[in-house]
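The values are calculated or read from the model by the stated rules, or taken from the named source; none is laboratory data. Keep in mind that this is a model prediction, so the values were computed, not measured. Positions of Cβ are backbone-derived with ideal geometry, glycine not excepted, and every protein chain shown enters the neighbour counts. We work out accessible area using only protein heavy atoms, side chains counted, and drop any ligands, DNA or RNA first. Shrake-Rupley method; radii C 1.70, N 1.55, O 1.52, S 1.80 Å.
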Amino acid sequence: MRRTSKLRIPVGLVTVAAVLGVVLVAAGRLILDGFAGIDDADAAAARELAARRDGWLVDLTWAGTYLSDTYVVIVATAVIAAVTVWWTRQWWLPGGAILLTAGETAIYEVSNSLVDRPRPQVTRLDPGDPMASFPSGHTAAAVCLYGGLACILIGVARHRGRRIPMVSAAVTTPLVVIVPLVVAFCRSYRGMHYASDVVAGLFLGWCWLITVNHLVLSRAWPAREARAARAAPAAQAAAVPRPADPAPVTGTR
């Protein structure tokens, strides 16, 4: 039974990663083969966005892209892992943070290399492999990075109840939705991805975030509570005063 429990996490992670890879590759190949006219609709939307570019929005989307730039994701993940391992002295939170971004990257690389979709046929404003359009890795990374941070802060707020974690969770949670959508728009606006690419990126990011949160991140809190529960009886026993020894009875003559 113990061996089965230990294997549940890696088996679950590998299974979900494999299924996501298969789904993304199948979807990408269907789009390239002209399924439901998605490719034509993507191309028309990309041309429309490129025709409506404006100077201030070009600058703003350049900045928005860096919310999930590769180096930003690597540095932010390292910081989150370092802080959580120092605070918890266990691997669940730092391991989960690393698994989120590393796993998403691995799934993206496999599906991206097997689909090999050309980027939109418009002027592209950022550098990148011209044959690496599907799915959007920036969008998936945004979901995993900011979603993982929100999950950690929400867990801290729920199980520790301190004001700063509660405020941080309230501020960070909207970023789970807002930042990936901003990144998705920026990448499409700058001619780096079709609409279906960023939708696939959102799908990849959300599925992987839910999986890692369920299998890894959420386990940090029961572990802490179990240790606290085991320590409570000993602390209570130590706090109970021991009865005083009875006074010696002296005989009378």
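Filtering Thr88, Thr65 for residues that are open to solvent by less than 30 Å² (accessible area, probe 1.4 Å), closer than 16 Å to Ala140 by Cα, more than 15 Å from the chain's Cα centre (by Cα) and not aliphatic (A, V, I, L, M) leaves a single hit, Thr65. Apart from one condition, Pro130 fits all of (1) out of contact with any Asp or Glu (no Cβ under 7 Å at 6 or more places or on another chain); (2) surrounded by 16 or more Cβ atoms within 10 Å (Cβ to Cβ); (3) outside any helix (DSSP H, G or I); the exception is (2).
Looking for something out of contact with any His (no Cβ under 9 Å at 6 or more places or on another chain), farther than 27 Å from Asp126 by Cβ and open to solvent by less than 90 Å² (accessible area, probe 1.4 Å) - is there at least one such residue anywhere in the stretch 37-53? The answer is yes; a qualifying residue exists. With respect to being open to solvent by 10 Å² or more (accessible area, probe 1.4 Å), of a type in the set (D, E, K, R) and under 29 Å from Val58 (Cβ atoms), Glu104 falls outside the description.
Considering the stretch 26-36, and only residues there that are free of Cβ contacts under 8 Å to residues at least 24 places away in the same chain and assigned to a helix (DSSP H, G or I), the residue that is most open to solvent (accessible area, probe 1.4 Å) turns out to be Phe35. Among residues of the stretch 182-225 being hydroxyl-bearing (Ser, Thr, Tyr) and over 18 Å from Tyr108 (Cβ atoms), the one that is modelled with the highest pLDDT is Tyr189.
For Arg117, state whether it is of a type in the set (D, E, K, R) and open to solvent by less than 30 Å² (accessible area, probe 1.4 Å). The answer is yes for Arg117.
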